[in-house]
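What follows is a set of notes on a single structure, which appears directly below.
The values are calculated or read from the model by the stated rules, or taken from the named source; none is laboratory data. Just so you know, these numbers come straight off a predicted model, no measurement behind them. We place every Cβ from the backbone using ideal geometry, glycine too, and count neighbours over all the protein chains shown.
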Amino acid sequence: MAVLYHNNGDSISLYLTNTGSLDLSYTIQAPGVGYQTSGTVSNTSSEVVRFPSTIITDSYDDQNKGIYLETDSINVVVIGQNDASWSSDTFLALPTVKVCCTHYIYYGISISSDRGDSVVLIVGTEDNTMMNLTVAQSVYVRINYTVSSLTSGSQYSFIVNRLQTVYIGSSSDLTGTRIITDKPVSVFSGHECGNVLSLSYRDCNHLVEQIPPTTYWGKTYYIVPLHGRSGYTIRVLAAYNSTEVFTDCNNTRNSYTINAGNSFTVTQQYYCVIHSNKEILVAQYSSGNYYDRRTGGPMMMLVPATVHYSNEINLSTISSGYSNYINIIVLKEYYQPSMMYWITGGVKRSLQSQSWNTITFNQVTEAYYTQLSVSNGPVTIIHTTANALMSAVVYGFDYREAYGHPGGFSVQKKIQG
């Protein structure tokens, strides 16, 4: 399922949240390091599984550190966390589902940084998987115990097996590194310890997300501010050539044309709307606490595209010590606060009394958003209209620290890797 890499990690954990009405059983295996555990998560609760340090992948010498998670229920949310002093972040773990394709395409994405390696990490899910790799920077990789020197922009072919790991790291930005496979793999990307925008904003943080294949990307994204911070940064990455992207950030419009693997960044204080003619991926970042002299640190999270909105969203915050927030976005045609509620600690609470803000594109309202302050633990957000479309992201800030991840992806568009 996943491999976690880190920078001076104190612990590496998985948060398993049971969103169903029955208890679920799970098994986790990492045969490359001789690790195995199992357990049960009671209904509507969470459990934290902490891994030994031997499971960490942080250099190309680590070859077989894939982690396999299996549960007896689909009603589970899995969050990975690197919990380190001054270096924490989370990612939403995605299921591996083979449903259609003769090939799967993935891209690495990170943000310019003054410290720590940009990283792309690949985990095989099936034996004899053919992988074609094109790196954005010249790097060394080790595959099947052979170290290879890869030149930026050139394509290389390798075979990877189940739970085999391929670590790609560079002091330069690896955004746009392309992986094409004939079977689904798991891909993680970000920074071992990255500073967003500038080293002067302090303090580098572990930035990582699991990257879905391009067939799971979207064309419309809504991004809203991070609670308590004065601004944020987004990076937009194209899956195909001649991708036209139109942004409207607080009524300021811009347009871009980018090719496959290319990207651009925008720093903004308010909301942003993004429309494109072809599939794109969008990541949202916060900067260190010196950016605005407010509590928080660097953080990275993927933004759900509208094709992944749904009428029910299950989220989970992480360990104590953070101020936790949830940004909720609902499309205009489903904006009915009286029909939306959230459940935390087993208590149902209405969203009607929340302060809602409009999101416009070219002066036309397209969606609304609100922000919740929540305590630790699972949170469920529900719209009582069966076909209603909304999304959410969860994030938190502590002194010089931050984490963030999307609140799940719906099955409007099946994940294929």
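Quick check on my filter: what residues within the range 229-243 are of a type in the set (Lys, Arg) and over 19 Å from the mean Cα position of the chain (by Cα)?
The answer is Arg229, and nothing else.
Which residue pairs have Cβ atoms under 7 Å apart, sit 6 or more places apart or on different chains, and have a first residue in the range 44-67 that is touching a residue at least 40 places away in the same chain (Cβ under 8 Å) and at positive phi and a second that is of a type in the set (D, E, K, R) and surrounded by 14 or more Cβ atoms within 10 Å (Cβ to Cβ)?
Note: no pairs meet the criteria.
Which of the residues that make up the range 344-375 are out of contact with any strand residue (DSSP E or B) (no Cβ under 7 Å at 6 or more places or on another chain) and either under 30 Å from Leu16 (Cα atoms) or not in a strand (DSSP E or B) (or both)?
Gly345, Gly346, Val347, Gln352, Ser353, Gln363
Could you check Gln81 against (1) under 20 Å from the mean Cα position of the chain (by Cα); (2) in a loop (DSSP other than H, G, I, E, B); (3) under 20 Å from Val208 (Cα atoms) and say which number it fails?
Of (1) under 20 Å from the mean Cα position of the chain (by Cα); (2) in a loop (DSSP other than H, G, I, E, B); (3) under 20 Å from Val208 (Cα atoms), only one is false for Gln81: (2).
Mind checking which residues of the range 278-326 are part of a loop (DSSP other than H, G, I, E, B) and farther than 19 Å from Asp83 by Cβ?
Those that are part of a loop (DSSP other than H, G, I, E, B) and farther than 19 Å from Asp83 by Cβ: Ser287, Tyr290, Tyr291, Asp292, Arg293, Arg294, Val303, Pro304, Ala305, Tyr309, Asn311.
If I go through the range 34-46 residue by residue, how many of them are surrounded by fewer than 18 Cβ atoms within 10 Å (Cβ to Cβ) and either aromatic (Phe, Trp, Tyr) or modelled with pLDDT under 90 (or both)? Outline the logic, then answer.
Residues of the range 34-46 that are surrounded by fewer than 18 Cβ atoms within 10 Å (Cβ to Cβ), as a first pass: 34-40, 42-43, 45.
Restricting the remaining residues to those that are either aromatic (Phe, Trp, Tyr) or modelled with pLDDT under 90 (or both) gives 35, 43, 45.
Matching residues across the range 34-46 total 3.
So if I check each of Ser112, Ser87, which one is buried (at least 21 other Cβ atoms within 10 Å of the Cβ), assigned to a loop (DSSP other than H, G, I, E, B) and modelled with pLDDT under 90?
Among Ser112, Ser87, only Ser87 is buried (at least 21 other Cβ atoms within 10 Å of the Cβ), assigned to a loop (DSSP other than H, G, I, E, B) and modelled with pLDDT under 90.
If you check Ile180, Ile223, Ile159, Ile211, which single one turns out to be crowded, with 24+ Cβ neighbours inside 10 Å, closer than 30 Å to Tyr68 by Cβ, at pLDDT 90 or above and aliphatic (A, V, I, L, M)?
Ile211
Within the bounds of the range 131-154, is there any residue that is assigned to a strand (DSSP E or B), among the hydroxyl-bearing types (Ser, Thr, Tyr), within 24 Å of Met301 (Cα to Cα) and modelled with pLDDT under 95?
Within the range 131-154, not a single residue is assigned to a strand (DSSP E or B), among the hydroxyl-bearing types (Ser, Thr, Tyr), within 24 Å of Met301 (Cα to Cα) and modelled with pLDDT under 95.
Taking the range 374-394 as the region of interest, how many residues are over 16 Å from Met340 (Cβ atoms) and either at pLDDT below 95 or in contact with a helix residue (DSSP H, G or I) (Cβ under 6 Å, 6 or more places away or on another chain) (or both)?
Result for the range 374-394: 4.
Does Gly346 satisfy being under 20 Å from Ile382 (Cβ atoms) and in contact (Cβ under 8 Å) with a residue 60 or more places away in the chain?
yes
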